[in-house]
Amino acid sequence: WHDGSAMDDSKVDGVIYIKKSDKYYKRQYEKYVNIDWFSPAKDGVTDDAPKFQEAVNYLKSIGGGTLLIPVGNYAISHVDLIGKEYSNIHFKGERGVKFFQKITSTRVARGSYLTFARYDQADGMFLINANIGTTFDSSQSVNNIKFTGIDFETDVETYMFDELLHQICAYGVNNLKIDECNFKGFLSDAI
(Lines give C-alpha, C1' and ligand atoms only; values in the text may rest on other atoms or scores of the structure.)
Protein backbone atom coordinates (compact mmCIF):
# COMPACT_ATOMS: atom_id res chain seq x y z
CA TRP A 1 0.00 0.00 0.00
CA HIS A 2 1.23 3.52 -0.69
CA ASP A 3 1.94 4.21 3.01
CA GLY A 4 4.09 1.09 3.37
CA SER A 5 1.51 -1.00 5.25
CA ALA A 6 0.64 -4.54 4.14
CA MET A 7 -1.73 -4.85 1.20
CA ASP A 8 -5.15 -6.45 1.65
CA ASP A 9 -8.44 -6.70 -0.25
CA SER A 10 -9.91 -3.59 1.41
CA LYS A 11 -7.25 -1.44 -0.27
CA VAL A 12 -7.99 -2.65 -3.80
CA ASP A 13 -9.61 0.21 -5.73
CA GLY A 14 -9.56 -1.32 -9.20
CA VAL A 15 -7.75 1.73 -10.57
CA ILE A 16 -4.36 2.12 -8.92
CA TYR A 17 -4.44 -1.07 -6.81
CA ILE A 18 -5.68 -4.22 -8.54
CA LYS A 19 -5.99 -7.86 -7.50
CA LYS A 20 -5.78 -10.72 -10.01
CA SER A 21 -5.44 -14.42 -9.16
CA ASP A 22 -4.73 -13.65 -5.48
CA LYS A 23 -1.88 -11.27 -6.40
CA TYR A 24 -1.86 -7.53 -5.84
CA TYR A 25 -0.67 -5.06 -8.46
CA LYS A 26 -0.07 -1.32 -8.40
CA ARG A 27 -0.36 0.78 -11.54
CA GLN A 28 3.02 2.30 -12.26
CA TYR A 29 3.18 5.92 -13.27
CA GLU A 30 5.71 8.71 -13.02
CA LYS A 31 4.31 12.18 -13.57
CA TYR A 32 0.54 12.08 -13.75
CA VAL A 33 -2.55 10.32 -12.58
CA ASN A 34 -4.82 10.17 -15.63
CA ILE A 35 -8.56 10.76 -15.21
CA ASP A 36 -9.16 8.12 -17.91
CA TRP A 37 -8.04 5.48 -15.39
CA PHE A 38 -11.24 6.27 -13.48
CA SER A 39 -13.46 5.80 -16.59
CA PRO A 40 -15.33 9.10 -16.92
CA ALA A 41 -18.07 9.26 -19.58
CA LYS A 42 -16.63 12.43 -21.19
CA ASP A 43 -19.92 12.99 -23.04
CA GLY A 44 -20.79 16.40 -21.55
CA VAL A 45 -24.04 14.99 -20.13
CA THR A 46 -23.26 12.18 -17.64
CA ASP A 47 -22.01 13.59 -14.33
CA ASP A 48 -18.27 12.85 -14.20
CA ALA A 49 -17.90 14.45 -10.76
CA PRO A 50 -17.78 11.08 -8.91
CA LYS A 51 -14.87 9.98 -11.14
CA PHE A 52 -13.02 13.25 -10.50
CA GLN A 53 -13.72 12.91 -6.77
CA GLU A 54 -12.17 9.41 -6.80
CA ALA A 55 -9.07 10.74 -8.57
CA VAL A 56 -8.76 13.76 -6.25
CA ASN A 57 -9.20 11.54 -3.19
CA TYR A 58 -6.40 9.32 -4.45
CA LEU A 59 -4.12 12.33 -4.97
CA LYS A 60 -4.99 13.50 -1.45
CA SER A 61 -3.97 10.09 -0.07
CA ILE A 62 -0.48 10.39 -1.61
CA GLY A 63 0.11 14.03 -0.68
CA GLY A 64 -0.93 15.58 -4.00
CA GLY A 65 0.08 15.39 -7.63
CA THR A 66 -1.10 16.17 -11.13
CA LEU A 67 -4.36 14.93 -12.59
CA LEU A 68 -3.98 14.74 -16.37
CA ILE A 69 -7.26 15.39 -18.15
CA PRO A 70 -7.31 14.25 -21.80
CA VAL A 71 -9.46 16.04 -24.38
CA GLY A 72 -13.16 15.58 -23.75
CA ASN A 73 -16.40 17.16 -22.61
CA TYR A 74 -16.83 16.57 -18.89
CA ALA A 75 -20.10 17.34 -17.10
CA ILE A 76 -19.29 18.10 -13.47
CA SER A 77 -21.69 18.85 -10.62
CA HIS A 78 -19.42 19.16 -7.57
CA VAL A 79 -15.86 18.07 -6.81
CA ASP A 80 -14.93 18.78 -3.19
CA LEU A 81 -11.44 19.52 -1.91
CA ILE A 82 -12.30 20.11 1.72
CA GLY A 83 -9.46 20.27 4.23
CA LYS A 84 -5.76 21.03 3.97
CA GLU A 85 -5.08 17.39 3.04
CA TYR A 86 -6.23 18.32 -0.48
CA SER A 87 -3.19 20.52 -1.00
CA ASN A 88 -0.76 20.23 -3.93
CA ILE A 89 -3.22 19.17 -6.63
CA HIS A 90 -2.86 20.29 -10.24
CA PHE A 91 -5.72 19.82 -12.72
CA LYS A 92 -3.89 19.74 -16.07
CA GLY A 93 -6.11 19.76 -19.13
CA GLU A 94 -4.96 19.01 -22.64
CA ARG A 95 -6.08 21.55 -25.24
CA GLY A 96 -9.78 21.11 -25.90
CA VAL A 97 -10.82 20.03 -22.37
CA LYS A 98 -14.25 21.38 -21.47
CA PHE A 99 -15.94 21.27 -18.07
CA PHE A 100 -19.70 21.84 -18.23
CA GLN A 101 -21.31 22.70 -14.90
CA LYS A 102 -23.98 20.07 -14.27
CA ILE A 103 -26.89 21.29 -12.19
CA THR A 104 -28.24 18.27 -10.30
CA SER A 105 -30.68 19.87 -7.86
CA THR A 106 -33.55 22.33 -7.71
CA ARG A 107 -33.23 25.82 -6.28
CA VAL A 108 -33.70 26.09 -2.54
CA ALA A 109 -33.86 29.05 -0.18
CA ARG A 110 -30.56 29.74 1.57
CA GLY A 111 -30.78 32.94 3.58
CA SER A 112 -32.10 35.59 1.23
CA TYR A 113 -31.14 33.61 -1.91
CA LEU A 114 -32.79 31.00 -4.09
CA THR A 115 -29.87 28.87 -5.18
CA PHE A 116 -28.62 25.54 -6.51
CA ALA A 117 -25.78 25.70 -3.93
CA ARG A 118 -25.55 22.96 -1.32
CA TYR A 119 -24.49 25.35 1.44
CA ASP A 120 -25.58 28.67 2.93
CA GLN A 121 -22.34 30.17 1.72
CA ALA A 122 -20.94 29.86 -1.80
CA ASP A 123 -20.50 26.53 -3.56
CA GLY A 124 -19.05 25.51 -6.90
CA MET A 125 -18.30 22.97 -9.57
CA PHE A 126 -14.97 22.79 -7.72
CA LEU A 127 -15.28 23.62 -4.02
CA ILE A 128 -11.89 24.14 -2.39
CA ASN A 129 -12.38 24.83 1.30
CA ALA A 130 -9.92 24.69 4.19
CA ASN A 131 -12.97 24.14 6.44
CA ILE A 132 -11.57 26.33 9.18
CA GLY A 133 -12.71 29.45 10.98
CA THR A 134 -10.57 32.52 11.32
CA THR A 135 -6.85 31.94 10.97
CA PHE A 136 -3.89 34.29 10.86
CA ASP A 137 -1.50 32.19 8.81
CA SER A 138 -1.68 29.60 6.07
CA SER A 139 -0.82 26.56 8.19
CA GLN A 140 -4.40 25.22 7.94
CA SER A 141 -5.06 26.37 4.37
CA VAL A 142 -5.48 24.25 1.29
CA ASN A 143 -2.20 25.06 -0.48
CA ASN A 144 -0.94 24.94 -4.06
CA ILE A 145 -3.99 24.24 -6.20
CA LYS A 146 -3.61 24.77 -9.93
CA PHE A 147 -5.92 24.59 -12.94
CA THR A 148 -4.30 24.63 -16.39
CA GLY A 149 -5.77 24.43 -19.90
CA ILE A 150 -9.46 23.98 -19.08
CA ASP A 151 -12.56 25.69 -20.48
CA PHE A 152 -15.29 26.09 -17.84
CA GLU A 153 -18.86 26.64 -19.00
CA THR A 154 -22.30 26.95 -17.44
CA ASP A 155 -25.64 27.19 -19.24
CA VAL A 156 -26.60 30.58 -17.83
CA GLU A 157 -29.46 31.00 -20.31
CA THR A 158 -31.23 27.98 -18.82
CA TYR A 159 -30.30 28.35 -15.16
CA MET A 160 -30.04 32.16 -14.90
CA PHE A 161 -28.24 34.06 -12.14
CA ASP A 162 -27.30 32.27 -8.90
CA GLU A 163 -25.45 34.33 -6.29
CA LEU A 164 -24.01 31.31 -4.47
CA LEU A 165 -23.00 28.91 -7.26
CA HIS A 166 -19.62 29.42 -8.93
CA GLN A 167 -17.43 27.42 -11.26
CA ILE A 168 -14.46 27.45 -8.85
CA CYS A 169 -15.16 28.37 -5.22
CA ALA A 170 -12.16 28.77 -2.92
CA TYR A 171 -12.14 29.44 0.85
CA GLY A 172 -8.96 29.38 2.91
CA VAL A 173 -6.76 28.63 -0.08
CA ASN A 174 -3.15 29.71 -0.36
CA ASN A 175 -1.43 29.80 -3.77
CA LEU A 176 -4.33 29.14 -6.15
CA LYS A 177 -3.09 29.35 -9.75
CA ILE A 178 -5.22 29.43 -12.87
CA ASP A 179 -3.38 29.32 -16.20
CA GLU A 180 -4.71 29.19 -19.75
CA CYS A 181 -8.33 28.62 -18.62
CA ASN A 182 -11.49 30.17 -20.03
CA PHE A 183 -14.68 30.89 -18.10
CA LYS A 184 -18.00 31.24 -19.93
CA GLY A 185 -21.60 31.66 -18.86
CA PHE A 186 -21.05 31.54 -15.11
CA LEU A 187 -24.15 31.98 -12.91
CA SER A 188 -22.53 34.38 -10.44
CA ASP A 189 -18.76 34.70 -10.21
CA ALA A 190 -16.62 32.29 -12.21
CA ILE A 191 -14.13 32.12 -9.34
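The values are calculated or read from the model by the stated rules, or taken from the named source; none is laboratory data. These numbers were taken from a predicted model, which means no experiment stands behind them. Don't worry about glycine lacking a Cβ; one is built from the backbone with ideal geometry, like all the others, and counts go over all protein chains shown. With ligands, DNA and RNA removed, areas are computed over all heavy atoms of the protein, side chains included. Shrake-Rupley method; radii C 1.70, N 1.55, O 1.52, S 1.80 Å.
Just a few scattered comments:
- Gyration tensor over alpha-carbon atoms, segment 15-92, equivalent ellipsoid semi-axes in Å: 21, 17, 12
- Sulfur and carbon atoms: percent of accessible area, the chain [1.4 Å]: 47 percent
- Stokes-Einstein D (µm²/s) once Rh is taken as the Kirkwood radius of segment 76-133 over alpha-carbon pairs, at 4 °C in 1.567 mPa s: 97 µm²/s
- Calculated accessible area for the chain comes out at 52 Å² per residue, all protein chains present (probe 1.4 Å; ligands, DNA, RNA ignored).
- Around the Cα centre of segment 1-144, unit charges on the Cβ atoms of Lys, Arg, Asp and Glu (plus for the first two, minus for the last two) sum to a dipole of about 300 debye.
- The long axis of helix 49-61 is offset from the longest Cα principal axis of the chain by roughly 60 degrees.
- Once the Cα gyration tensor of segment 100-191 is diagonalised, semi-axes √(5λ) in Å: 24, 19, 8
- Violating pairs (Cα-Cα greater than 24 angstrom) within the set K84/K184; K31/K102; K20/K60; K19/K92; K42/K102: K84/K184; K31/K102; K20/K60; K19/K92
- At q = 0.11, 0.14, 0.16 Å⁻¹ the log10 of I(q)/I(0) for the chain amounts to -0.52, -0.82, -1.03, computed by Debye summation with a single uniform scatterer per C-alpha, solvent ignored.
- Relative protection proxy for 150-156, 136-142, 22-28, from highest mean packing down: 150-156, 136-142, 22-28 (other beta-carbon atoms within 10 angstrom).
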